[in-house]
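Enquirer: Just passing along the structure, written as C-alpha cells.
Any read-out appearing in this document is the output of simple, stated calculations on the displayed coordinates, not a laboratory observation. Here the structure is a predicted model, which is why all the values come from computation and not from measurement. So basically every Cβ, Gly included, is an ideal-geometry build from the backbone, and we count neighbours across all protein chains shown.
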Amino acid sequence: MIRYLLALALIAQLPQIVGAQSTRDSTTYKRVAAQLDRVAAIDTHDHLWPFERLPARVETEHGKGINLFGIWRNSYYTGINPLTAWEPGQKFDAWWSKAKHDFDNARATSFYRYQLPAFQDLYGVDFDRITDEQARKLDERIYRNYLDQQWLYEVVTQKANIELMFNDPYWGRYTFEPEYPFAVRVLNVSPLIRGFHAEEFPEKADDPYLFARQQGLKIESLDDYLKVLDHLFRFGKEKGCVCLKTTVAYQRTLQFDRVSHQQAAEVFGKKRGTLSPEQVKQFEDFIMWRLVELSAKHGLPFQIHTGQARIQGSNPMLLVDMIDANRKTTFILFHGGYPWVGESAVIAMKHTNVYLDSCWLPTLSYTMAKRAYHEWLEAMPSNRIMWGADCNHAEGIYGATVFTRRCIAEVLAEKIDHGDLTEEHALRIGRQILRDNALELFPQLKERLWKGKKELKAPPG
C-alpha cells in the first residue's frame, strides 16, 4: 500500500519534474538568453559568397534568383537527406507537391532544425506545420528579398546581431577582394600542400603557381615554392587576412608526419602519375609542417577542420604531435572535432596554444554541442572557446547563430541553476565565446568594429 501511495505521489509530481527539466522554460535561461542576444557577435567562420555569385540561385518562373528550394539545397540538410530536384523555370507548386514530403524522415535532425528559426523569425512561418499556401508565399518572399543584397546586410548584421564575420573564400583564395564591409578575410591554404607540380591546380582559384607569376616570382624548385608560400602569407596579411584555414580533412588523414627537406625535394616537379601514394603524402606532410611554421612566423592563427570529414582520418588526436612540436603556432580546432568533442577538450587542456571553435557543431548535433560546451568549460579556460555559423546564405547564418546562442544560454543556465556558476560569471563566459575571445586573439579586429558608430548599407544596384 505504501509503495502504491508513493507511486501515486510521484505521478502527481511528474508535470513539475518534467517542467523543471526543460531548461528553456526556466527564468534563469530566459534572463541569460536575453543578455546573450544583445551581444554583437564575432562570427569566426562563414562562406558568404559575393552577392551576385550566391550558389543558391536557380532559374525560376520569375527569372533567375533564390527561392525556397535554393535555401534548402544550399543548406546542410541535403548532406543527410534527399531533396526533390528543381527543374529550371518550373512553377513552385509543381516542385512543392513532391518536395514537401522530403522532410518527413529528417524532422528531428539538427541539419533540418537549424534553419527553422530563420523561417519563423524572418518570415513568420512555422515550417513544421507549413501549409501549401504558406509555402508558396514563403517562396515568393525569399525570391523578392534576394533581389537586393541589402537583405544580407539586414539579416547578418541586424537580425543575427553579428558585427564581424570571418569569411573563408574558397571560390577565390588569393584574390583578397573584400566581399562585404562586415567580412574579415581568411586565407584558405588547403590546396597548397599538393604544390609538387603545377598540374595539381586545374582551378585558377587554387593555383599558387598562378599567384607566383602574377607576383613576378618563379617556382623551379622546392625552395622556390617555399619562398612563394612565405610571400603569399605576407601578402595576404597585408591585404587584411587575420588567420589561415585548411579543410584537407575532407581529402586525407590529419596524420602529418615529419618529413625531411630531401624527401620532399625528390617529389617536387614530378607529376602525380609518376609518384606513389606514399610519396604524395610525404610531400603534403612536409608542406603542412612548413605552413604551421609560417603561421607562427606571420602571426596568423591556424584554423583546422577536424571531425566529420573523412571520418577514418579526421580525429583531432592525429594532430597532437604536430601541435606539441609547434608551441609558437596558435591552432584553432574547428567543429569541436565532432564527434570527438572530449578528445578536443583534452588537447586544449594540455596545450595552451590550442583554441576550440564550435562552428558548425550545434548544426551537426545540438545535443552534442551542449555536451561540448559543458565539458569544455570544465576542462579548459573559457577564453579559448569561439563560435561560427559556417553557412553560405542569410537564412542559414541566422538559424545557425540562433542555435548557437540558444545552446550556450542553455548550458550556462544549467550551470547557474546547479550552483556551478554565478550568473555574473556565466554571462561573462557567454560574452567571451560570442565576442570577446575573438577580439582578444585577433586584436586587429578592434579597428573594424562599427556597431554604435554607423549603419552598414549595401551598395546600390
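Enquirer: Mind giving me the FRET efficiency for His261 and Glu220? R0 is 22 Å, r the Cβ-Cβ distance, nearest 0.05 is fine.
Expert: Calculated transfer efficiency: 0.85.
Enquirer: Could you give each residue of segment 445-454 its phi-based ³J(HN,Hα) in whole Hz, using Karplus coefficients 6.51, -1.76, 1.60 with θ = phi - 60°, and x for Gly or Pro?
Expert: Listing the rounded values in order: 5, 4, 6, 9, 5, 9, 4, x, 10, 7 Hz.
Enquirer: Sequence-distant or interchain residues sharing an amide H contact under 5 Å with Met386, placed H: which?
Expert: Leu356, Asp357, Ser358
Enquirer: Along Cα→Cβ, 7 Å out, is where each label goes; now give me the distance between the ones at Arg310 and Glu423 in nm to one decimal.
Expert: Between Arg310 and Glu423, the label points sit 5.1 nm apart.
Enquirer: Let me ask something additional. Taking each pair of distinct Cα atoms in the chain once, what is the resulting Kirkwood hydrodynamic radius in Å?
Expert: Averaging 1/r across every pair of different Cα atoms and inverting gives 23.8 Å.
Enquirer: Run the numbers for Gln90 and Gln134: contour at 0.36 nm per residue of separation, minus the present Cα-Cα distance, in nm.
Expert: 14.0 nm
Enquirer: Report the convex hull volume per residue for segment 100-172, counting only C-alpha atoms, in Å³.
Expert: 136
Enquirer: Which cross-chain or sequence-distant (5 or more) residues have an amide H under 5 Å from the amide H of Val58, H modelled 1.01 Å from N in plane?
Expert: It is Gly65, Ile66, Asn67, by chain and number.
Enquirer: Once phi is turned into θ = phi - 60°, what whole-Hz ³J(HN,Hα) does the Karplus curve with 6.51, -1.76 and 1.60 give for every residue of segment 141-149, x standing for Gly and Pro?
Expert: Here the 3J(HN,Hα) series is 5, 4, 4, 5, 4, 7, 6, 9, 5 Hz.
Enquirer: Given the pairs Lys297/Lys446; Lys91/Lys137; Lys370/Lys451; Lys64/Lys100, which are separated by over 24 angstrom at their Cα positions?
Expert: Violating the 24 Å Cα-Cα cut-off are Lys370/Lys451.
Enquirer: Quick one: putting +1 on the C-beta of Lys and Arg, -1 on the C-beta of Asp and Glu, what dipole do you get for segment 267-330 around its Cα centre, in Debye to the nearest 20?
Expert: With only Lys, Arg, Asp and Glu charged at Cβ, the dipole is about 260 debye.
Enquirer: I need the trypsin sites (Lys or Arg not before Pro) found in segment 246-278, filtered to DSSP loop residues with at most 13 other beta carbons within 10 Å of theirs.
Expert: Counting only loop positions with at most 13 other Cβ atoms within 10 Å, the trypsin sites (Lys or Arg not before Pro) in segment 246-278 are Arg258, Lys271.
Enquirer: Hey, if you put +1 on the Cβ of every Lys and Arg and -1 on every Asp and Glu Cβ in segment 371-461, which of Val411, Pro459, Pro443 ends up farthest toward the positive end of that dipole?
Expert: Value: Pro459.
Enquirer: Scan segment 60-163 for GluC sites (Glu not before Pro) in coil per DSSP, keeping those whose Cβ has at most 14 other Cβ atoms within 10 Å, and list them by number.
Expert: Glu61
Enquirer: Now, a different point. Can you tell me the orientation of helix 366-379 relative to the chain, as the angle in degrees between its alpha-carbon axis and the longest Cα principal axis, to the nearest 10?
Expert: Result, in degrees: 70.
Enquirer: Now, a different point. Work out the length of the dipole vector of the chain about its Cα centre, built from +1 on the beta-carbon of each Lys and Arg and -1 on the beta-carbon of each Asp and Glu, and round it to the nearest 20 debye.
Expert: In total the dipole reaches around 480 debye.
Enquirer: Moving to a separate point now. Answer rounded, prolate or oblate for segment 376-418, using the Cα gyration tensor with square roots of eigenvalues a ≥ b ≥ c: rounded when a/c is under 1.5, else prolate when a/b is larger than b/c, else oblate.
Expert: Here segment 376-418 falls in the oblate category.
Enquirer: Please work out how much length the chain gains when fully extended from Lys453 to Leu210, using 0.36 nm per residue of separation minus the C-alpha to C-alpha distance, in nm with one decimal.
Expert: 83.5 nm
Enquirer: Right, another one. Ordered by residue, what ³J(HN,Hα) values in Hz, to whole numbers, does segment 396-402 give under the Karplus form 6.51 cos²θ - 1.76 cosθ + 1.60, where θ = phi - 60° and Gly and Pro are x?
Expert: With coefficients 6.51, -1.76 and 1.60, one gets x, 4, 4, x, 5, 5, 4 Hz.
Enquirer: When DSSP assigns beta bridges and you keep just the ones with both residues in the chain, what percent turn out antiparallel, to the nearest 5?
Expert: Given both bridge residues lie in the chain, the antiparallel proportion sits at roughly 15 percent.
Enquirer: Work out the length of the dipole vector of segment 76-140 about its Cα centre, built from +1 on the beta-carbon of each Lys and Arg and -1 on the beta-carbon of each Asp and Glu, and round it to the nearest 20 debye.
Expert: Result for segment 76-140 is approximately 120 debye, rounded to the nearest 20.
Enquirer: Under the rule a/c < 1.5 gives rounded, and otherwise a/b versus b/c splits prolate from oblate, where does segment 330-431 land using the Cα gyration tensor?
Expert: Oblate.
Enquirer: In addition: Provide the net charge surrounding Ser97, with neighbours chosen by a C-beta distance below 12 Å and charges set as Lys +1, Arg +1, Asp -1, Glu -1.
Expert: +1
Enquirer: Counting only C-alpha contacts under 8 Å and six or more residues apart, can you give the relative contact order of the chain as a whole percent?
Expert: Relative contact order, the chain: 20 percent.
Enquirer: When only Cα pairs under 8 Å and 6 or more residues apart are kept, what is the percent relative contact order across segment 81-145?
Expert: Relative CO of segment 81-145 lands at 27 percent.
Enquirer: Taking 7 Å along the Cα-to-C-beta vector as the label spot, tell me the Asp104-Ala198 distance in nanometres, rounded to one decimal.
Expert: 5.6
Enquirer: Right, next: Using a ≥ b ≥ c from the Cα gyration tensor of segment 197-262 (square roots of the eigenvalues), is it rounded, prolate or oblate, where a/c under 1.5 gives rounded and otherwise the larger of a/b and b/c decides, a/b for prolate?
Expert: rounded
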